[in-house]
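Q: One structure is given below, represented as structure tokens, and several questions about it will come after.
Read-outs throughout are calculated quantities, based only on the coordinates presented, and are distinct from any laboratory measurement. From a predicted model like this one, the values you see are computed outputs, not experimental measurements. Here Cβ is always computed from backbone atoms with ideal geometry, including for glycine, and neighbour counts include all displayed protein chains.
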Amino acid sequence: MDDNTGGRKVAWPWRVAASVAGMAVLLGGCGSGDNDDDKADEPNPSASSASSGSPAPASSGSPSASATGGDSTSLSPFRADPARVPRTKQQAEALAAAVALGPEAWGADFRAQRQATSTPRTVAVLDEECRWERRPLPKGVLASLSRYSELPGTGGKGEIKVTAAVTVHTTVLDADDQMSTTLEEPLRCREQQVRTDERISELMSTGIAYGQASNDYADDHVVEMGYYLTGTAKQRYFWFVTRLGTVTLAVSVKGAKGYTDSELNQYGSQASSTMLSRVEFELGEKN
């Protein structure tokens, strides 16, 4: 997976992969560990944890920058240039477009899905009945963009579907709240309806904050695992969510016949690493 950020953070791919692998082992040891496909595009910025029926877990990390997102501290792996942090919807939309991966960034054989991008100025929301739908941007979100790609099946293998999503928040606290909601959603809805004949089941999630285990690349990192059910077909599903400052990044990977969990994790971790590098390139302080 190539990128044009000048080789910054070249150590990220293997560190992200190692972190994801460890989290996957942890999840696998906590339950049945099902597989899904790509559900909704990005973490839900507006769903309330009050309806979960059980206490919502704390975010795996804590805010690592000021409320305006312009400053970072030693508790963050990244220092943004305050002058480059988006303050308007237009600035945020430009950042999301620069960071979200298109099919060419996933690999040479990937192509755009029939619906290549999400509806402008909307986000994916998991409602009170555990159904995914798109709604207008809520307060605290400046922009959100999802791009949908796929790897056609060849040589006896099935078709992989992937999503890369970027959400730009007004403040670090808003972005951190989104990570908390992401971590809580599988507790509230272990089965989630994506479309009429598509759902995700047996979901589990775990999070790792910056400075814990092998996470030296993001302010926060959440991984979900489960199964994606389309009619009677059942495939592995992974969802990777990371945060740098006011920006949250989500990658979903829907498995297919002939692919191992390790291969699917590799696609997800490489995509996450590439988008993290793009955020740093777009918002980092210039030398």
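Q: What nm distance separates the two modelled labels at ALA233 and LYS157, each placed 7 Å from Cα along Cα→Cβ?
A: 1.6
Q: Same structure again: Give a residue-ordered list of calculated ³J(HN,Hα) values for segment 156-168 (Karplus: 6.51 cos²θ - 1.76 cosθ + 1.60, θ = phi - 60°; whole Hz; x for Gly, Pro).
A: Coupling constants for segment 156-168: x, 8, x, 9, 8, 10, 9, 9, 10, 10, 10, 10, 10 Hz.
Q: Amide H to amide H under 5 Å from GLN113: which residues, 5+ apart in sequence or cross-chain, H placed 1.01 Å off N in plane?
A: Under 5 Å from the amide H of GLN113 lie the amide H atoms of TYR148, SER149, GLU150, each far enough along the sequence or on another chain.
Q: Moving on. Go through segment 137-233 and name the GluC sites (Glu not before Pro) that are in a DSSP coil and have 16 or fewer other Cβ atoms within 10 Å of their Cβ. Present the calculation step by step, with values, prior to reporting the outcome.
A: On the way: sites: GLU150, GLU159, GLU184, GLU191, GLU198, GLU202, GLU224; in loops: GLU159, GLU191.
Answer by residue number: GLU159, GLU191.
Q: Work out from phi, with θ = phi - 60° and the Karplus expression 6.51 cos²θ - 1.76 cosθ + 1.60, the ³J(HN,Hα) of each residue of segment 116-126, listed in order in whole Hz, and give x for Gly and Pro.
A: 7, 9, 6, 5, x, 6, 9, 10, 7, 10, 8
Q: Let me ask another. Go through segment 186-287 and name the trypsin sites (Lys or Arg not before Pro) that are in a DSSP coil and have 12 or fewer other Cβ atoms within 10 Å of their Cβ.
A: Numbers: sites: ARG188, ARG190, ARG195, ARG199, LYS234, ARG236, ARG243, LYS254, LYS257, ARG278, LYS286; in loops: ARG190, LYS257, LYS286.
In loop regions of segment 186-287 (DSSP not H, G, I, E or B), the sparsely surrounded trypsin sites (Lys or Arg not before Pro) are LYS257, LYS286.
Q: A further question follows. Give the long-range amide H neighbours of ALA80: residues separated by 5 or more places, or on another chain, with amide H under 5 Å away, using H modelled in the peptide plane at 1.01 Å from N.
A: Hits under the 5 Å cutoff: SER72.
Q: Over segment 132-287, consider all pairs of different Cα atoms and compute the Kirkwood hydrodynamic radius from their mean reciprocal separation; express it in Å, one decimal. The partial results should precede the final answer.
A: Numbers: mean 1/r = 0.0607 Å⁻¹.
About 16.5 Å, per the Kirkwood formula over Cα pairs.
Q: Compute the FRET efficiency between ALA108 and ARG195 as 1/(1 + (r/R0)^6), taking r as their Cβ-Cβ distance and R0 = 25 Å, and round to the nearest 0.05.
A: So, using R0 = 25 Å, E works out to roughly 0.30.
Q: Using modelled backbone amide H atoms (1.01 Å from N, in-plane), which distant-in-sequence or interchain residues come within less than 5 Å of LEU142's amide H?
A: VAL168, HIS169, THR170
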